[in-house]
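Trainee: My questions all concern the structure below.
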Amino acid sequence: MSIANLEHEIADLGGTENGARHLRVVNDHEKVNLPAAERAVRDLLVALGRNPSSPHLADTPRRVAKSFTEMLTPREFDLTTFPNDEHYDELVLARDIPVQSLCEHHMLPFTGVAHVGYLPGERILGLSKLARVVELFARDLQVQERLTVQVAGWLQENLAPKGVGVVIEAEHMCMSLRGVKATGSRTITSSVHGVLREDGRSRQEFFSLTRGS
Ligand SMILES: [Zn+2]
């Protein structure tokens, strides 16, 4: 399926006595066909002039297929949100969330960190969930720009905060290992919504916090 059609089934699991609300988040990608992937890796080895029957490579197709399956399958999770009873209205920022994704142009990894912040509206969420939202979109064939936009857009839609901002800094193996061989070069992308987009001071605060000390 194409990335543009990526959708996530969200089942409302209902509330609990303390006002917590749980949304089960499930990705609806087609499942990986493991035997077909193994055959394809074996074919790729042959095409690359290697001998997949050699004892050193005998188990490689299985390992590669399994690795790609893992890298392309986000884990299901419950998005738990709570009422913002204290009317907290300052920026909540999770810095340095690990990002591991696969560039869709080369199928090589890009890795780095995401800084995800939001200005709470009616509800707040468990901070660990921000990392799960990043993973939800990162375990895919991606470009960094789209990944950034998807995480911000998803949070805006499902949490309805007053504002949300996402900054991703990542190194792309396709830039480090081949082509320009720009080892250590990091690409920075950002996406902001709501107050973080429209209000100059909030926007500035968000971006200065993501840069750290
Ligand atoms: Zn690439």
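The values are calculated or read from the model by the stated rules, or taken from the named source; none is laboratory data. Quick caveat, the model's predicted, so the values are computed rather than measured. For neighbour counting, all protein chains shown are included, and Cβ atoms are generated from backbone atoms with ideal geometry for every residue, glycine included. To get the accessible areas, we keep the full protein, side chains included, count just its heavy atoms, and leave off ligands, DNA and RNA. Shrake-Rupley method; radii C 1.70, N 1.55, O 1.52, S 1.80 Å.
Trainee: Name the residues in the range 67-115 that are in contact (Cβ under 8 Å) with a residue 24 or more places away in the chain and among the small types (Gly, Ala, Ser), would you?
Mentor: Correct list: 94, 101, 112, 114.
Trainee: Please go through the range 181-196 and pick out each residue that is of a type in the set (Lys, Arg) and either closer than 18 Å to residue 96 by Cβ or crowded, with 16+ Cβ neighbours inside 10 Å (or both).
Mentor: Matches in the range 181-196: 186 only.
Trainee: Hey, residue 171 hits all of (1) in contact (Cβ under 8 Å) with a residue 40 or more places away in the chain; (2) away from the ligand (no atom under 15 Å from the Cβ) but one; which does it fall short on?
Mentor: Only one criterion is unmet by residue 171, namely (2).
Trainee: Keeping to the range 104-148, report how many residues are within 16 Å of the ligand (Cβ to nearest atom) and either touching a His at 6+ places or on another chain (Cβ under 6 Å) or within 17 Å of residue 27 (Cβ to Cβ) (or both).
Mentor: 8
Trainee: Within the range 162-172, can one find any residue that is in contact with a strand residue (DSSP E or B) (Cβ under 6 Å, 6 or more places away or on another chain), in a helix (DSSP H, G or I) and open to solvent by less than 50 Å² (accessible area, probe 1.4 Å)?
Mentor: Checking the range 162-172: not a single residue is in contact with a strand residue (DSSP E or B) (Cβ under 6 Å, 6 or more places away or on another chain), in a helix (DSSP H, G or I) and open to solvent by less than 50 Å² (accessible area, probe 1.4 Å).
Trainee: Only residues in the range 190-213 that are over 10 Å from residue 165 (Cα atoms) count as the first member; pair them with residues that are among the β-branched types (Val, Ile, Thr), Cβ under 8 angstrom, at least 6 apart or cross-chain, and list the lot.
Mentor: These pairs meet every condition: 202/195.
Trainee: Name the residues in the range 66-102 that are within 16 Å of the ligand (Cβ to nearest atom), of a type outside the set (Val, Ile, Thr) and open to solvent by less than 10 Å² (accessible area, probe 1.4 Å), would you?
Mentor: Of everything in the range 66-102, those that are within 16 Å of the ligand (Cβ to nearest atom), of a type outside the set (Val, Ile, Thr) and open to solvent by less than 10 Å² (accessible area, probe 1.4 Å) turn out to be 101, 102.
Trainee: Which residue out of 157, 104, 135 is modelled with pLDDT of 95 or more and over 11 Å from the mean Cα position of the chain (by Cα)?
Mentor: The match here is 104.
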